[in-house]
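Peer 1: Let me begin by handing over the structure; questions about it come next.
Laboratory data are not the source of any read-out in this text; all were calculated from the coordinates shown. Here the structure is a predicted model, which means the values were calculated and not measured. Neighbour counts run over all protein chains shown; Cβ positions are idealised from the backbone, glycine included.
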Amino acid sequence: MKTPLYLLSVLIFTSSLYGQITVETITTDTLDLFSGNQVQENQRSSGAAMALSLLVPGLGHQYINRPTPALAYITIDVLALAGVIFFERYSRQLESQARGYAALYADADAGIKDERFWQMVAAYNSSSEYNNEVLLARKQDDVDVYYNKENYHWNWISDDLRKGFDTRQNNSRKFHIASAFCIGAMVLDRVIAFVDVRAASRYNLNSIHTSFSVDPLTSSTSILLSGEF
């Protein structure tokens, strides 16, 4: 039989210099703490619920018959997964467009996958400009590896076009970072769901209710939290 268990009743004073704390009468069901079957059943339910929550957030809550938080956790996970797919695909699309832009206006080889190369394309107007700066810094090896080869040459038509390429590259990186944040949200969603379902299944907590009341005689406000077991 399910009965509400009043966990805490805190009386917050608003007009006096001191506060009062009132503890409500606690009513609980009688539990047989020495029943081995009951303990084993609770442990088995808790373990299964936690495993399901790690697999897909919300499944564990659905398993212990808590459909409302189950829907919330599943929704967050689905939205985060959709964000990962959308942001990553859009990031790659912007990156491809940026490199096509560089091929058109700087005669750069769009097939090169070296990220450092594209950073230099965005920073220098031509491979000759970069090579000269490297030679002045006496880093001849860098020139040999990257920009003395024919397919590593580039030459922007104007500085504004180079800046336009840099902007496109930065936009691509921003969406890639957004995708990484969505992955982090999926991991965090699983951690929170795991902890939440563990507490709920261990203590058979079905729901938590909050109520507020105001005493006009003492001008005080009380907040009552109650949990249903």
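Peer 1: Sorted from fewest to most neighbouring beta carbons within 10 Å, what does the list Glu95, Glu115, Glu133 look like?
Peer 2: Values: Glu95 19, Glu115 10, Glu133 14.
Exposure proxy ranking, most exposed first: Glu115, Glu133, Glu95.
Peer 1: Gain in length, Asp166 to Arg116, computed as 0.36 nm per residue apart minus the alpha-carbon separation, to one decimal in nm?
Peer 2: On the way: separation 50, 0.36 × 50 = 18.00 nm, distance 1.30 nm.
Working it through step by step, the gained length comes to 16.7 nm.
Peer 1: Using +1 at the C-beta of Lys and Arg and -1 at the C-beta of Asp and Glu, which of Ala80, Ile192, Ala123 has the Cα lying farthest in the positive direction of the dipole of region 79-192?
Peer 2: Going by the Cα projections, it comes out as Ile192.
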